[in-house]
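Here is the structure we will look at, set down as structure tokens.
The values are calculated or read from the model by the stated rules, or taken from the named source; none is laboratory data. If you're wondering where the values come from, they're calculated on a predicted model, not measured in any experiment. Positions of Cβ are backbone-derived with ideal geometry, glycine not excepted, and every protein chain shown enters the neighbour counts. Ligands, DNA and RNA are stripped out before the accessible areas are found, and what is left, the full protein with its side chains, is counted by its heavy atoms. Shrake-Rupley method; radii C 1.70, N 1.55, O 1.52, S 1.80 Å.
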There are 2 protein chains.
Amino acid sequence: MSTTLSQKISDSSDISMNVLTRPRERIVKSAIELFRQHGIKGVGVDAIAEAAGSNKMTLYRHFGCKDDLVCECLKQVSDEKERIWDNLENSYPGDPARQLRAWVDEAAQHIYSDLRGCDLANAAVELKEAGHPAQKVIMDAKKAHVRHLVELCRSAGIEHYEQLAQALVLLVEGARVCGQSIGVEGPQQQLKQTCEAMIDAFSGHGSNSDRAAVSN
Amino acid sequence: MSTTLSQKISDSSDISMNVLTRPRERIVKSAIELFRQHGIKGVGVDAIAEAAGSNKMTLYRHFGCKDDLVCECLKQVSDEKERIWDNLENSYPGDPARQLRAWVDEAAQHIYSDLRGCDLANAAVELKEAGHPAQKVIMDAKKAHVRHLVELCRSAGIEHYEQLAQALVLLVEGARVCGQSIGVEGPQQQLKQTCEAMIDAFSGHGSNSDRAAVSN
DNA sequence: TTGCAACGTTACTGACCGGTAACACACATT
DNA sequence: AATGTGTGTTACCGGTCAGTAACGTTGCAA
């Protein structure tokens, strides 16, 4: 706990970040990246400002306090996640079943290549203080995510669409947290196969032997 | 971020903790509880010592640094979790299938009544510094947990026991993290039904209609 | 009784952190 | 040319934190 983290962060900071963008934008971008790497409580505002090629005063002119910056970061992260639903619709228009498979595939690929977990879930772990403003942002984003997936399962003609959506959320969230705590060899390696088997089971067009084959 | 957390922690600390136990034991116990409530980085060693009815000097005589104390806490938490396997064997001796159902039931009950997530997984989120000693403790405990569940599924006669065990781990871990980020209304409410449906599917003694009934 | 080990108390250090004040500069608009 | 807005710089404040030093106290055991 006595390590000088500021130095390490500064070393890996991107001072040469596109100066054409406005400081506010650069600060948020740097903050998101640093929060991902070191955790929210593991990064100071000085390090964020420096990584953004700016300074603390400018940071505080745009964000009243660190918590406000954290909320803005989480909002942008959740907005980014929201875009996947439009992307799915654009990729496979009018084919919700295919969109559901694509959602699983994308989630799995992301988890296989990045062990740092979900920014929103991680923030919820760190920010436990009662009434912390970020908690509402996190909760709203997660609820919206579940809602979207439920709707997709419903559109795909799944009878028990709500149960399937909830199960898929649990699997994906579990995979992300396992990646962080267990590492590459964790059970999240089987996420894609497990989700697909789950979808098959709920779609009602798989026999026992089919499921055994899928789970193999 | 300018809140005076120490005061709040002190207010809720248990100064009257059993003085018959040794300071070291009380310190670890208080630390585990405070870490659970406020996160590891959200609690200072002073608050821990005070909550244990001891002081910082005694704390540092038993633990070289805060990280050592954190490791000891996580070890005790993982030892505690290890005991469930013996408990299951004692509760339903020679009946691994029943033990597996009981494991699901216990995990679900725990998750329904406590939204604070898994101490080990939460610690992994907070302690991202490369080579942090707690990471090995967390990883070893989580791997052992998966190993035990795989073995239980194998004993229960599940054909694809490894896939089932991994899927169950993902569901349970996902449920714990959802409780933290979404709150009581999250998809973890359906954990038990989902796990049981998953076991049924892998057990190969459930028809499509059975599965539909279970998932309802 | 002596001695030792564990524990408690106070005070301190050095670093870091969130946040602010005051001033200087660059640039675009009028 | 004047003005205002956004930005950079330096310095500072109060607080917290991990960790240590020095000394005093308790209680047990030989």
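Which one of A:Lys41, A:Lys29, A:Lys192 has the biggest mean-square fluctuation once chain A is modelled by GNM with Cα springs under 10 Å?
Taking springs between Cα atoms under 10 Å, the residue moving most is A:Lys41.
Work out the FRET efficiency for A:Glu82 and B:Lys136 from their Cβ-Cβ distance, taking R0 = 35 Å, and round it to the nearest 0.05.
In this case the efficiency is close to 0.40.
Using a 7 Å offset from the Cα along the Cα-to-Cβ direction at both B:Ser155 and A:Lys75, what is the distance between the two label points in nm, to one decimal?
It works out to 5.3 nm between the two label points.
Let me make sure I get this right: for the range A:21-169, a, b and c are the square roots of the gyration tensor eigenvalues over alpha carbons, sorted descending. Under 1.5 in a/c it's rounded, otherwise prolate if a/b > b/c, else oblate. Which is it?
Prolate, because a/c is 1.5 or more and a/b exceeds b/c.
Accessible area lost on pairing B with A, both sides, 1.4 Å probe, Å² to nearest 100?
4800 Å²
If you roll a 1.4 angstrom probe over the protein chains with everything in place, what fraction of the accessible area of the protein assembly as shown belongs to carbon and sulfur, to the nearest %?
Roughly 48 percent of what the probe reaches on the protein assembly as shown is carbon or sulfur.
Give the chain A residue with the shortest beta-carbon distance to the rotation axis relating chain A to chain B, plus that distance as a whole number of Å.
That would be A:Gly174, 2.
Using a Gaussian network model of chain B whose springs link C-alpha atoms within less than 10 Å, name the residue from B:Asn90, B:Asn55, B:Asn122 with the highest mean-square fluctuation.
Looking only at B:Asn90, B:Asn55, B:Asn122, the largest GNM fluctuation is found for B:Asn90.
Given a 10 angstrom Cα cut-off, can you work out which residue in B:Ile199, B:Ile32, B:Ile182 is the most mobile in a GNM of chain B?
Evaluated over chain B, the most mobile residue of the options is B:Ile182.
Taking only C-alpha pairs under 8 Å that are 6+ residues apart, what is the relative contact order of chain A in percent?
17 percent
I need the per residue convex hull volume for the protein assembly as shown, using only the alpha carbons, in cubic angstrom as a whole number.
Per-residue hull volume (Cα only) is 145 Å³.
Between copies, how far does the label point of B:Glu159 sit from its twins, in nm, shortest first, when each point is 7 Å from Cα along Cα→Cβ?
Distances to the matching label points in the other copies: 2.2 nm.
Can you pull the accessible area of A:Leu152 for me, 1.4 Å probe, Å² to the nearest 10?
10 Å²
Shortest first and in nm to one decimal, what separations exist between A:Gly183 and its copies in the other chains, measuring from label points 7 Å along the Cα-to-beta-carbon line?
Counterpart label points of A:Gly183 in the remaining copies fall at 3.8 nm.
What are the ³J(HN,Hα) values, in whole Hz, obtained from phi via the Karplus relation 6.51 cos²θ - 1.76 cosθ + 1.60 with θ = phi - 60°, for each residue of the range B:24-38 in sequence order, with x given for Gly and Pro?
Each residue of the range B:24-38 in turn: 4, 5, 5, 4, 4, 4, 5, 4, 4, 5, 5, 4, 4, 6, 10 Hz.
Compute the length gained on full extension between A:Ala144 and A:Met57: take 0.36 nm times their separation in residues and subtract their Cα-Cα distance, giving the result in nm to one decimal.
Value of the extension gain: 27.8 nm.
Can you give the accessible area of A:Ser113, probe radius 1.4 Å, in Å² rounded to 10?
100 Å²
Which order do you get for B:Ser181, B:Ser155 if you rank them by accessible area with a 1.4 Å probe, largest at the top?
Ranked from most to least accessible, the order is B:Ser155, B:Ser181.
Multiply the residue gap between B:Tyr112 and B:Gln37 by 0.36 nm, knock off their C-alpha separation, and tell me the result in nm, one decimal place.
25.3 nm
What are the nm distances, shortest first, from A:Pro93 to its equivalents in the other copies, labels at 7 Å along Cα→Cβ?
6.8
Using only alpha carbon pairs under 8 Å that are at least six residues apart, calculate the relative contact order of the range A:74-189 and give it in whole percent.
32 percent
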